[in-house]
1. Give me a count of the residues in segment 115-146 that are under 13 Å from ASP196 (Cβ atoms), assigned to a loop (DSSP other than H, G, I, E, B) and touching a Ser or Thr at 6+ places or on another chain (Cβ under 9 Å).
2. Suppose we keep only residues that are in contact with a Pro (Cβ under 9 Å, 6 or more places away or on another chain) and not small (Gly, Ala, Ser) within segment 115-146. Which one would you say is surrounded by the fewest Cβ atoms within 10 Å (Cβ to Cβ)?
3. Please state which of the following conditions ARG240 fails to meet, knowing it meets all the rest: (1) surrounded by 22 or more Cβ atoms within 10 Å (Cβ to Cβ); (2) not in a helix (DSSP H, G or I).
4. Out of all the residues in segment 174-181, is one or more surrounded by fewer than 18 Cβ atoms within 10 Å (Cβ to Cβ) and of a type in the set (S, T, N, Q)?
5. Looking at ASP304, ASP228, ASP263, ASP276, which is the one that is acidic (Asp, Glu), part of a loop (DSSP other than H, G, I, E, B) and without any contact (Cβ under 8 Å) to a residue 24 or more places away in the chain?
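Please treat every number below as a calculation from the coordinates, not as lab data. Keep in mind that what you see is a predicted model, and the values were worked out from it rather than measured. Positions of Cβ are generated from backbone atoms using ideal geometry, with glycine treated the same way; all protein chains shown enter the neighbour counts.
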Amino acid sequence: MTENNPTPSSTAIQLRLGTRQSPLAMAQAEEARRRLCAAHGWEEGAVELVPVVASGDKIQDRALAEIGGKALWTRELDIWLDEGRIDAAVHSMKDVETIRPPRLVIAAILPRADRRDVLVGASSIAAIPHGAKIGTSAPRRAAQMLNLRPDCEVVLFRGNVATRLAKLAAGEADVTLLAAAGLERLGETDTGAALDLDEFLSAPAQGAIGLECRADDTRTLKLLSAIDHETSHTEILTERALLSALEGSCHSPIAASAVKNIDGRVNLRAVIFSPDGSDRVAGEVAFAASLSDPVGPVADFAADLLKRAKPATRAVFGQMQ
């Protein structure tokens with residue numbers, strides 16, 4: 001690869017993108033490639049997709065928090081970045097651990113897609129049958145559902161979208177929850193009912209695709225900057241800053257959504273729960289957007305949420321991943 005050839009031939013690879021090889025991850029990598037080629041005037045072959053089997057994809061019978069947390073989605077890609085086998089990694093940002101190695105940097109966030117959850121198996125939360133089994137492995141989804149429907153039972157559901165839909169069809173659960181953005185990227189737009197954010201708040205960084213590279217790779221940083229969506233980037237950094245301030249881990253049920261307004265201010269809503277959903281603490285704050293220091297404005301907000309929480313909720317925070 002050479003920086004002196006900004007418009008390569010169809011066979012000249014300008015960038016290698018690492019990605020998990022699940023269907024959704026590949027769809028996200030394809031979107032990143034399309035945007036890069038459009039931004040730089042490249043043919044599709046200029047960006048090579050390099051798939052990897054992540055540790056998190058290999059173990060499907062236990063909750064993520066029990067087997068190593070979100071690092072299981074990024075470990076192999078981190079190694080490949082360090083070894084120079086790829087130039088950048090494509091991530092679903094809600095699956096990226098809060099603290100990343102200083103040698104790596106999130107260089108671009110693509111325009112954020114639908115951040116809502118989709119309920120599959122019932123037309124609404126109220127329509128879920130009494131005592132139904134809710135299939136999910138996400139502490140946020142489990143706690144939030146139990147808060148709204150304490151009569152229901154949560155059962156472990158892991159795997160890609162197709163696997164979870166198959167488990168649902170096999171009767172392993174009565175309903176499940178999936179990310180609207182993921183379903184849209186897979187062409188599954190008629191699957192389930194999207195839940196209003198006022199009723200069921202999404203996970204931090206849900207719906208966002210990020211590209212990460214080595215911090216000292218100035219060439220790749222420059223290439224990726226061409227597809228960075230500043231508004232989405234600000235929202236994602238704000239939500240991740242809240243995770244950092246709360247010291248949230250894969251055990252921490254937290255829902256959060258930041259929206260950057262046209263006046264440059266950010267509105268941040270968040271809810272934290274106890275694992276069984278019995279304790280719910282909600283809040284909202286607005287402040288001037290800042291990509292350089294997103295942590296400062298949310299630190300007091302995080303402290304207030306924890307101060308108002310019961311011991312069972314505070315117990316699952318303070319374990320930074």
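1. Count: 2.
2. The qualifying residue surrounded by the fewest Cβ atoms within 10 Å (Cβ to Cβ) is LEU146.
3. (2)
4. Scanning segment 174-181, I find no residue that is surrounded by fewer than 18 Cβ atoms within 10 Å (Cβ to Cβ) and of a type in the set (S, T, N, Q), so the answer is no.
5. When all the criteria are applied, what remains is ASP263.
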